[in-house]
Structures are given as structure tokens and as C-alpha cells.
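First up is the structure itself, then whatever we jot down about it.
The values are calculated or read from the model by the stated rules, or taken from the named source; none is laboratory data. Note that the structure is a prediction, hence the values are computed from the model and not measured. We place every Cβ from the backbone using ideal geometry, glycine too, and count neighbours over all the protein chains shown. With ligands, DNA and RNA removed, areas are computed over all heavy atoms of the protein, side chains included. Shrake-Rupley method; radii C 1.70, N 1.55, O 1.52, S 1.80 Å.
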Amino acid sequence: MMKKWKKTALGLVSTSALFLAACGGGNTGDQNADKDTNGSGETANNFDGETLKVSIDPMYADYINDLAPKFEKETGATIELEERDMFETLEALPLDGPAGLSPDVMLSPYDRIGGLGMQGHLAEYTLPDDGRYDEIDQQQVMINDKIYGAPFVIESMVLYYNEDLIDKAPATFDELEALTKDEQFAFGSEKDKSVAFLANWVDFYNSYGLLNGFGGYVFGEKGTDPSDVGLNTPDAVKGIEYATHWFKDIWPKGMLDATSAGNFIDDQFTTGKAGAVINGPWAASNYAKSDINVAVSTVPTLPNGEEYQPFAGGKGWVVSEYAQNVDLGKAFLDFVTNEDNMQVLYNDFTNEVPANQMVRKSIIDADEDDLAMAVINQYNVSSPMPNIPEMAEVWVGAETMMFDAGSGNKSPKDSADDSVKVIKDNIDQKY
């Protein structure tokens with residue numbers, strides 16, 4: 001059983017980002033206002049009478065309300081809180097910003113920050129130098145060597161397993177495949193099929209950890225070169241071939257249904273039929289409500305000996321370029337992501353893992369929260385999702401790649417080649 005299982009539901013990071021049309025202009029705010037840049041996370045009391053408009057999803061309202069008095073005392077400013085869906089706020093920014101209607105600071109999935117920054121909607125930001133972030137964290141909020149946000153929370157795919165059916169966490173995919181020989185995991189009318197292990201690989205967000213682990217990649221130069229699409233390299237094709245083996249030889253037919261595979265997996269797991277599944281931390285709340293004895297670990301190593309390498313997801317705070325006082329917004333980013341306030345988020349409000357490295361270390365050292373530790377360890381071997389606008393075309397191009405190969409409609413190589421062609425053609429036409 002998990003050592004610690006918080007019940008707060010989580011929101012899913014965008015897996016099909018809609019990148020916004022660029023709008024020019026912006027108010028850089030009071031450039032004479034000083035803010036602390038020594039990495040302490042403390043803010044100077046030099047914003048007397050200023051108002052900071054903060055927009056957050058309702059799930060964070062209690063958290064920000066808890067921190068607001070301290071920030072207001074330290075800065076002399078007043079926080080005006082708006083509860084609004086994160087994606088609605090981001091999509092409205094290009095129009096609301098120039099009209100003076102947008103918030104000053106807001107949250108954004110990492111995959112949206114680069115595009116919004118390039119389009120001129122976000123203010124540049126300097127990350128504190130107190131060790132709260134590492135290179136992966138920095139990459140999440142950086143594009144063209146410019147930083148446009150402060151990492152806030154992280155997430156990654158992990159392995160959930162039923163301790164009543166599996167004694168310990170499988171260490172390799174070979175062990176997962178061995179479980180499929182166990183008759184207890186035979187699937188109903190398809191007796192030759194098994195639900196010992198399930199993963200929603202018809203969804204590209206879920207299958208990327210497999211392709212990446214085999215050596216495939218989205219874009220070259222750490223996700224910044226859209227002219228180099230690496231989803232049909234020989235290594236990537238090996239990953240698709242391995243997935244095809246599961247679809248054709250092991251899994252029930254329902255695993256190929258892109259619209260219902262996720263629900264099928266959850267149903268098989270929560271009713272005690274499936275032994276192990278790959279899913280994200282957002283599934284934890286639902287699994288905790290079931291009657292099964294759930295445990296969690298990092299995803300087992302692949303047959304080639306490499307780690308499963310999914311997208312490193314999460315959310316970051318950003319400052320609008322149209323803010324009345326950009327420096328006040330930056331002071332808030334320093335404050336909300338410091339060690340103390342990230343520890344408060346983790347301890348008292350959500351079961352998300354803070355991006356702050358010091359808090360992540362404290363979680364590992366405490367050895368009490370298996371879910372958080374699995375997310376941290378898996379995130380450390382994951383790949384930041386490319387945050388350039390061209391990423392939008394990848395979701396479209398790769399949408400049917402696994403289905404085409406797994407169903408036998410195309411060979412793994414043809415499926416990969418066709419998907420990459422769609423991606424490249426769309427990029428050439430639109431960018």
C-alpha cells in the first residue's frame with residue numbers, strides 16, 4: 001500500500017496545445033522598481049499601493065489566499081485574485097492584454113510558455129540562483145535562450161500496480177511480459193489475451209516514453225529544431241515495433257480504440273483485473289477511491305536496457321508583458337516558488353510535486369510518499385516537451401501512428417514515415 005496518498009484531484013497538463021496568434025506591444029511596467037535578485041525568495045517592501053492581478057484555476061485558490069497576506073506584507077502590494085480556467089486565461093491573453101483586461105500573473109503548462117513568449121505576450125524573467133531549479137527545469141520555461149516563466153509543479157507518467165496481484169514493482173518490461181502468461185490476467189472472451197499490463201499507447205502523449213526510450217525524439221537540438229523530426233528514425237521504429245507486439249499478440253482489441261482505451265484501462269485496473277498500468281499522477285485520486293491495494297513506482301526499464309522516457313510535464317508561473325507593473329509580477333514569481341511556499345503547497349494543498357529542487361529533495365529524504373517519489377525519479381529521466389509552436393503539428397501528425405501499426409493497417413516503418421510526412425508538410429505550410 002502507498003505510504004502516503006493525498007486525495008486532492010489534479011489537472012492534466014495540455015497534450016494538444018493550441019498556440020496563439022501573436023499580438024504586439026506591451027507595458028513593461030515600472031522599470032525603476034527594485035526586486036530581490038539574490039535568490040533568497042524574499043521581496044522588498046517597495047510596491048506600496050500597487051495591485052497585482054493573479055489568475056489561477058480554482059484548485060489553487062486556497063493556496064494563493066493562504067500566501068497572499070505574507071506577500072502583501074513584504075511588498076506593500078495588494079493581490080487581486082481571479083479564479084478562471086487556466087487555458088481560458090491563456091487563450092484570451094493576446095486580446096485581453098492590450099485591452100488592459102488580462103491578469104498580471106498566471107499559470108501555464110510548460111508546452112505553452114515558449115510560444116507565448118516568442119509571440120511577445122510574456123515578460124522575460126530571471127530565475128533565482130539559489131539552487132531551486134536544475135537544467136531540465138530551466139529548459140521547461142526557456143526558448144531561444146530567453147526565460148519566460150518560473151517552474152511551479154512537475155509531473156510524469158509512472159507505473160501503478162495492484163499489490164494483491166503483483167508482489168513487487170516490476171523492474172523491467174521483460175517482467176511485465178512474463179506476467180501476461182499468468183492465467184489470472186486472461187481477458188474474458190479473448191482468453192488468449194492478457195490485461196496483466198496495460199498502457200494507452202494509441203495516445204501519443206502516453207506512447208512517447210516508449211519511443212523516446214528506444215531512441216526516437218520529436219525535434220532535434222533538444223526539441224528546438226523543427227526541421228529535424230525524429231519519430232521515424234530506425235530507433236523510433238523499433239519502439240513502434242515493440243508496441244505492435246503488445247497490440248497484436250497480448251492485448252485485447254479494445255486497446256486499439258483511441259476514444260475508449262483510457263477508460264478501458266482504468267476500468268480493468270480499478271476492478272482488480274489488471275496487474276499494472278502506466279498513467280500520470282492525475283489518475284491517483286481515482287485509483288485511491290477504488291477497493292484495490294494500489295502501489296506506485298517508476299516505469300520499468302525497456303527491453304533495450306534504457307529507461308522509459310516520457311514527456312516531463314507540469315506548469316509554470318508567467319508574467320504578462322501587458323502587466324501594469326512587470327517587476328511586481330516577477331517579485332511574485334520569486335516568492336511563490338521559494339522553498340517555504342513550495343513546501344506549503346505540497347504539505348497542505350495539493351498532491352502535485354513542486355518544481356523546487358529543495359522540496360523535491362526533502363520528499364525523497366523523507367521516503368514517505370511513494371507517488372511523489374516515483375514522479376520525481378521518472379521526471380529526472382524524462383524529456384521536456386518541445387515548447388516551440390511547431391509542436392502543435394506533432395499531435396496532429398502522430399495521432400494515428402500507433403493505431404495504424406498496431407492494427408496492421410501499415411507496417412511500423414510506413415506508419416512512422418507517414419506520420420512524419422504529415423508533421424513536416426504541416427510545418428512547411430504554416431511556419
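For the chain, what is the mean residue ellipticity at 222 nm derived from helices alone (per DSSP H run of n ≥ 4: -39500 (n - 2.57); sum divided by total residues; nearest 500 deg cm²/dmol)? Write down the numbers at each step before the final one.
Numbers: 17 runs with 160 residues, N = 431.
Value at 222 nm, helices only, nearest 500: -10500 deg cm²/dmol.
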Length gain on complete extension for the stretch Thr271 to Asn286, per 0.36 nm per residue less the alpha carbon to alpha carbon distance? 4.2 nm
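Using alpha carbon coordinates only, what is the Rg to Rh ratio of the stretch 88-174, with Rh defined as the Kirkwood radius?
Working: Rg = 18.7 Å, Rh = 15.8 Å.
Rg/Rh: 1.18.
Dipole of the stretch 110-262, Cα-centred, from +1 at each Lys and Arg C-beta and -1 at each Asp and Glu C-beta, to the nearest 20 debye? Numbers along the way, then the final one.
Details: 11 positive and 27 negative charges, 92 e Å.
Computed about the Cα centre, the dipole is about 440 debye.
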Output the 0 to 90 degree angle, nearest 10, between the alpha-carbon long axis of helix 234-245 and the longest principal axis computed from the alpha carbons of the chain. 60
Toward the positive end of the charge dipole of the chain, about the Cα centre and with charges on Cβ (Lys, Arg +1; Asp, Glu -1), which of Ala295, Gly275, Gln357 goes farthest? Gly275
Carbon and sulfur: what percent of the stretch 356-401's accessible surface (1.4 Å probe)? 50
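Quick check: from the Cα gyration tensor, does the stretch 391-431 come out rounded (a/c under 1.5), prolate or oblate? Mind showing how you got there, number by number?
Details: a/c = 3.98, a/b = 2.23, b/c = 1.78.
Taking the square roots of the gyration eigenvalues as a ≥ b ≥ c, the stretch 391-431 is prolate.
What part of the accessible area of the stretch 262-354, given as a whole %, is carbon or sulfur when the probe is 1.4 angstrom? Please list the in-between numbers first.
Working: 940 of 2570 Å².
Answer for the stretch 262-354 is 37 percent, counting heavy atoms of protein chains only.
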Under unit Cβ charges (Lys, Arg +1; Asp, Glu -1), what dipole magnitude, rounded to 20 debye, does the chain have relative to its Cα centre? 880
How large is the translational diffusion coefficient of the chain in µm² per second when you combine the Kirkwood radius over alpha carbon pairs with Stokes-Einstein at 10 °C and 1.306 mPa s? 71
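Count the net charge of all other residues whose Cβ sits under 9 Å from the Cβ of Asn293, scoring Lys and Arg as +1 and Asp and Glu as -1. Provide the component values of the computation, followed by the final result.
Numbers: positive: none; negative: Glu163, Asp164, Asp291.
Local charge sum for Asn293: -3.
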Could you pull out every residue, at least 5 positions away or on a different chain, whose amide H is within less than 5 Å of the one on Thr172? Hs are placed 1.01 Å off N in the peptide plane, and Pro or chain starts have none. Thr301
Shape call, the stretch 274-431: gyration tensor on alpha carbons, a/c limit 1.5: oblate
Specify the angular offset, from 0 to 90 degrees and rounded to the nearest 10, of the alpha carbon long axis of helix 326-336 from the longest principal axis of the alpha carbons in the chain. 50
The answer for the chain, accessible area per residue at 1.4 Å probe in Å², is 39
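What share of Cα pairs, in percent, lie more than 24 angstrom apart in the stretch 232-338? Display every interim value, and only then the final one.
Values: 2846 of 5671 pairs.
Roughly 50 percent, once rounded to a whole number.
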Nearest-ten-degree value, helix 204-214 long axis tilted from longest Cα axis of the chain: 70
